[in-house]
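In what follows, a single structure is set out as structure tokens and then discussed.
Where a number appears in this text, it was derived from the coordinates with a stated rule and is not lab data. Only a predicted model underlies this, so the values are computations on that prediction, with no experimental measurement involved. Every residue, glycine among them, receives a Cβ derived from its backbone with ideal geometry; neighbour counts consider all protein chains shown.
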Amino acid sequence: MRTRFQQGLDELRQKLLRQGGLAEQAVERACRAYLDRDLSKCQMVLEGETLINICEREIDELAFDLLAMQQPMAGDLRFILAITKINSDLERVGDQAVNIAERVMDMVALPAVDLPVDIARMSAAVSAMVRRSLESFIDAKAELAQAVLEMDNVVDRMRDEAFIVLVKTMNDHPETTRQALDALLVARNLERVADHATNIAEDVIFWVRGADVRHNVPRDGEAQAAAAEAQSATEAH
Amino acid sequence: MGVGIQVENLNAWYGSTQALHDIRLNMEANHATALIGPSGCGKSTFIRCLNRMHETTPGARVEGNVKIGQLDAYDGISPTLLRRRIGMVFQKPNPFPTMSIYDNVAAGLKLNGYNNRKEMDQIVERSLASSALWDEVKDFIHKKSGASLSGGQQQRLCIARALAVEPEVLLMDEPCSALDPISTGKIEELIFQLKTQYTIVIVTHNMQQAARVAEYTGFFLLGRMVEFDKTEKIFTNPSDKRTEDYITGRFG
């Protein structure tokens with residue numbers, strides 16, 4: 001048993017869990033800030049981002065050291081590679097939370113209007129995706145990660161619906177354009193958070209199963225079969 | 001050119017102790033195959049069965065089929081002739097200490113009755129060039145002994161000696177374990193070049209080395225072949241948990 005290496009892996013895992021907790025908290029605070037028009041929560045999101053960034057650097061440094069000094073293999077190698085990518089996604093989740101907080105700070109300076117968009121429902125779905133992607137990492141459960149991937153389409157649809165109704169609102173009630181634009185940007189930020197949660201889930205599947213499920217791109221053999229099929233279809237025409 | 005190696009139902013014993021159990025393995029021609037596993041797992045015994053060195057140990061016994069290309073290694077060929085087709089390089093460089101560099105390389109040819117001096121000169125030069133040693137020793141191949149070279153040079157001299165009889169297969173039993181990183185790098189580069197002409201089987205305890213030089217890797221444990229697959233599969237996503245545990249350092 002390589003005790004020092006195992007300690008390094010455990011430390012890496014703990015640091016990622018801390019960063020994950022901070023990122024999850026940032027998204028929830030940003031959503032709460034939007035729904036409650038709460039500037040104090042915005043401030044907390046801005047302060048929390050610094051901690052997420054510190055975590056990102058610490059995780060990268062430790063992962064780099066382990067790769068250089070311990071030459072990990074197989075599951076250990078996939079674990080470290082997955083962590084470096086999840087690390088990057090969590091840092092971006094923190095950035096999106098800051099973007100939402102900045103929108104709220106802009107929005108609070110304007111009169112409150114009732115917009116026909118359910119940001120609360122969307123933020124609940126996105127927060128659940130972030131939480132479940134982190135749970136799939138904690139429990140090394142590819143099935144849970146797979147469920148996160150399927151939720152991404154739901155959030156994409158919510159973003160598209162928000163876009164349609166908010167553009168219509170801007171046309172019908174031009175006096176609410178800035179508020180509608182803020183809501184539109186928040187919806188887009190939330191959809192980006194969902195994309196990062198999806199990336200995290202894909203990285204968990206890669207770590208646990210050794211399978212690359214990104215972009216729905218077929219693997220070598222499947223790609224060749226698809227190319228051959230396309231070729232024969234072309235010839236048939 | 002190298003030839004493929006097919007092994008079926010190979011069992012080997014030292015006295016009453018069975019060292020290999022039903023090994024089945026196909027090694028592709030002109031590729032490098034690495035064999036890994038903890039000490040005593042049978043990987044060295046396995047390659048010693050390929051060139052029939054195992055049976056030279058008192059009390060040792062082999063059963064099963066080994067085909068080197070179309071040739072049945074255990075039927076219709078003498079061990080001496082077989083070993084001309086299968087060169088071997090050992091863990092510790094073992095040049096003939098009193099012979100010159102030239103005579104070390106030519107030793108196998110002379111033993112086989114070769115006496116055309118001009119052709120022998122060409123073969124010695126070609127073998128030393130193939131083992132990436134010619135440029136370093138060409139000015140004193142008759143004057144200096146094999147033992148006067150550095151450890152890394154001695155190992156390349158042993159490779160040249162093995163190549164001189166133009167084998168089809170080169171067996172390497174931990175060829176870099178006694179060498180520094182620079183010499184190890186040279187041998188690994190050499191393996192990379194040699195596999196265009198020879199089939200290479202390398203036993204190594206250095207898993208990074210297996211990952212660097214071999215297209216295929218086999219994992220041995222307690223005399224059995226646990227897993228055999230493409231090297232990238234073995235080192236990134238092995239199928240058997242015992243392979244995973246070994247290569248990640250959780251046992252062995």
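List of remarks:
- Degrees between helix A:74-108 axis and first principal axis of chain A (Cα, 0 to 90, nearest 10): 10
- Counted by Cβ distance under 10 Å from B:Gln155, the other residues give a net charge of +3, where Lys and Arg count +1 and Asp and Glu count -1.
- Neighbour counts of other Cβ atoms within 10 Å put B:Ser78, B:Ser150 in the fewest-to-most order B:Ser78, B:Ser150.
- Listed pairs A:Lys141/A:Lys168; B:Lys118/B:Lys144; A:Lys141/B:Lys43 exceeding 32 Å between Cα atoms: A:Lys141/A:Lys168; A:Lys141/B:Lys43
- Pairs of Cα atoms farther than 15 Å apart, the stretch A:49-120, %: 67
- Excluding same-chain neighbours fewer than eight residues apart, the aspartates and glutamates reachable from B:Lys67 by a Cα-Cα span under 19 Å are B:Glu8, B:Asp22, B:Glu28, B:Glu55, B:Asp75, B:Glu166, B:Glu168.
- Using θ = phi - 60° in the Karplus curve 6.51 cos²θ - 1.76 cosθ + 1.60, the 3J(HN,Hα) couplings for the stretch B:126-142 round to 4, 5, 5, 5, 5, 9, 6, 10, 3, 4, 7, 10, 4, 7, 9, 5, 8 Hz; x is entered for Gly and Pro.
- Judged by the ratio a/c of the largest to the smallest principal axis of the C-alpha gyration tensor, chain B counts as prolate, that ratio being 1.5 or greater while a/b is larger than b/c.
- Prolate/oblate/rounded label for the stretch B:32-167 (Cα gyration tensor, a/c 1.5): prolate
- Sum of side-chain charges, A:Glu28 neighbourhood, beta-carbon under 11 Å (Lys, Arg +1; Asp, Glu -1): +3
- Look at the Cα gyration tensor of chain A: its axes a ≥ b ≥ c give a/c of at least 1.5 with a/b at or below b/c, and that counts as oblate.
- Of all lysines in the structure, those lying under 16 Å Cα to Cα from A:Lys15, and not within fewer than 8 positions of it along the same chain, are A:Lys85.
- Table column - 3J(HN,Hα) (Hz), the stretch B:76-89, Karplus curve with 6.51, -1.76, 1.60, x for Gly and Pro: x, 9, 6, x, 5, 5, 4, 5, 5, 8, 10, x, 9, 10
- Residues with amide H under 5 Å from that of B:Val89, placed H, sequence gap 5 or more: B:Leu171, B:Met172, B:Asp173
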